[in-house]
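J.: Sharing a structure, written as structure tokens. Questions coming.
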Amino acid sequence: MTVNYDELAKQMITLIGGKDNISSAYHCITRLRFILKDKSLVKTEEIQKLSGTLGTQWTGDQFQIIIGQNVDKAYKAICKTAGIEEEKVINEQLDEIQNKKKFKVTDIFQTLGAILLPVIPALAGAGMIKGIITIMTSYLGFDAASPLIQVMTISGDCAFYFLPFLVAWSASKQFKTNTALAIALAGVLLYPTMTAGNTAGATPLSLFGLPIPFPRYFGSTIPIILTVFILQFVYKGIDKIMPKSIKFVFTPMVVLMIMTPLTLIVIGPLANYISKTLVFVVKSLYDISPLITGLVVGATRLFVVMSGMHLSLGTIAIENLGQFGYDYLLPMNTMGTMALFGTCLGVWIRAKNTENKSVGLSTTISSFIGITEPGIYGVFLKFKNAMIASVIGGAAGGAIVGMFGGRATAYVNSCILSIPVFMTDGFWAVCVGMLVATLVSFGVVLVLGIKEDQEVI
């Protein structure tokens, strides 16, 4: 079914309260994301019924319309129709309203997810290169010391090693602060003195009697996120009191003079401790029962994606990679994705309604390559038996991966295309887990069926 996105954009803009109600509009892989001035004007039920939309969701003050793989077409039509620019800055009045609201724990996850989302493509691409290197050197006879492999290694490692720079850029956009200074502070964390001190296990430096330790900052996320978070307040304060005639030079100078020792002495070490604590907690649960951990992660994967927490929880996977050189959460997450693939495949076969069959086919393809939102909103949340099938399949696959130690050697999207990254200890378990997750969820749908007229939830 062909969608006229210009017409769809007109309808959506009307149903969200008109173009004057839009403060900011942008999109991710599958969703249109709006910051709206008046939430009460939004007609969610009518939007959900539009041909070309897969559902809606409120995440904090952000209104999301799930479109699927053609979200870029819908977004361009929205911008054209509403007369707004891409990545339009949220107006100050809306920010003031938001700041007056009570803090919620979910805000942390939402913020972390928003920061990591623009960085994921670089990590995923680099991760796949690292996986291909593993295949070439371990199975195809390529010499690890050859120029080709060395260049590929540089390409695969750069995004991970210099991750603080990427996160600094994204965090500066999220926190609405100076991007150049944010990146400069990432440079503080990765300065040769710091990295060499970490590698050598050197004795901490001392400034004003306060120690400057040498934690492992390369490949980390939380230290620079917390640094940029503090930066926004320091920069705003200094810029406010600095005379206009000299602020161009002296504002960044003073900010760097304040933030550099603050980052090295307080923020960085504190954030590093937080990172290690998170990894320790999750690792402790994993050590107690890898099977139960895998079962829970696999079963709840789609709910986590739906809540928007999957990207923020990705920080744990990244920290695992940094501390241990491998991660066990990403293979478990993949089981949830493969379970959705099997479920959508089953819905495609069992559905009698033409529209449901079409949705089943399209979501089968998208979930296979790791894009889960269309399947979540078009199948998983639409049919009760589809939800049951996905949960059971994800749990079964996750339990196998957890029990037999499936691992990832780099950060990747949780899908079958990421197999090269899983080609290490427990690789066979990941393969078996994928197969089991797919077949179990597929089988449950075939057995239970989908009551298209009654089971819509």
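The values are calculated or read from the model by the stated rules, or taken from the named source; none is laboratory data. Bear in mind that the values here come from a model prediction, so they are computed numbers and not experimental data. Heads up, the Cβs are rebuilt from the backbone with ideal geometry, glycines too, and the neighbour counts pull from every protein chain shown.
J.: Within region 218-228, does at least one residue satisfy the condition of being surrounded by fewer than 17 Cβ atoms within 10 Å (Cβ to Cβ) and outside the structural domain of Ile318 (by TED's automatic domain parsing)? Walk me through how you get there before you give the answer.
T.: Filtering region 218-228 down to residues surrounded by fewer than 17 Cβ atoms within 10 Å (Cβ to Cβ) leaves none.
No: region 218-228 contains no residue that is surrounded by fewer than 17 Cβ atoms within 10 Å (Cβ to Cβ) and outside the structural domain of Ile318 (by TED's automatic domain parsing).
J.: Please determine, by comparing only the residues of region 427-457 that are among the small types (Gly, Ala, Ser) and surrounded by fewer than 21 Cβ atoms within 10 Å (Cβ to Cβ), which one is modelled with the lowest pLDDT.
T.: Gly449
J.: Just one of Ile47, Ile29, Ile16 is modelled with pLDDT of 85 or more, within 17 Å of Lys76 (Cα to Cα) and crowded, with 18+ Cβ neighbours inside 10 Å; which is it?
T.: Step by step, each of Ile47, Ile29, Ile16 is checked, and only Ile16 is modelled with pLDDT of 85 or more, within 17 Å of Lys76 (Cα to Cα) and crowded, with 18+ Cβ neighbours inside 10 Å.
J.: Quick one: count up the residues across region 150-175 that are of a type in the set (D, E, K, R) and more than 22 Å from Pro192 (Cβ to Cβ).
T.: Residues flagged as of a type in the set (D, E, K, R) and more than 22 Å from Pro192 (Cβ to Cβ) within region 150-175 amount to 1.
J.: Ok, one more. Tell me, please, whether a residue that is more than 14 Å from Ala82 (Cβ to Cβ) and part of a loop (DSSP other than H, G, I, E, B) can be found in region 4-12.
T.: yes
Here's the yes/no breakdown for (1) under 21 Å from Leu417 (Cα atoms); (2) aliphatic (A, V, I, L, M); (3) free of Cβ contacts under 8 Å to residues at least 60 places away in the same chain; (4) touching a Cys at 6+ places or on another chain (Cβ under 8 Å):
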{"residue": "Gly131", "(1), (2), (3), (4)": "yes, no, no, no"}
{"residue": "Ile135", "(1), (2), (3), (4)": "yes, yes, no, no"}
{"residue": "Ala145", "(1), (2), (3), (4)": "no, yes, yes, no"}
{"residue": "Met152", "(1), (2), (3), (4)": "yes, yes, yes, no"}
{"residue": "Gly156", "(1), (2), (3), (4)": "yes, no, no, no"}
{"residue": "Tyr161", "(1), (2), (3), (4)": "no, no, yes, no"}
{"residue": "Ala168", "(1), (2), (3), (4)": "no, yes, no, no"}
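J.: Name every residue in region 377-394 that is buried (at least 24 other Cβ atoms within 10 Å of the Cβ) and out of contact with any Ser or Thr (no Cβ under 7 Å at 6 or more places or on another chain), in order of residue number.
T.: Tyr377, Phe383, Gly394
J.: Output the residue which, of all residues in region 50-65 that are touching a residue at least 60 places away in the same chain (Cβ under 8 Å) and buried (at least 20 other Cβ atoms within 10 Å of the Cβ), is nearest to Phe34 (Cα to Cα).
T.: Gly55
J.: Looking at region 211-233, is at least one residue touching a strand residue (DSSP E or B) at 6+ places or on another chain (Cβ under 8 Å) and not in a loop (DSSP other than H, G, I, E, B)?
T.: yes
J.: Also: In region 249-266, what residues are more than 16 Å from Ile183 (Cβ to Cβ) and under 28 Å from the mean Cα position of the chain (by Cα)?
T.: Residues satisfying the conditions are Leu264, Val266.
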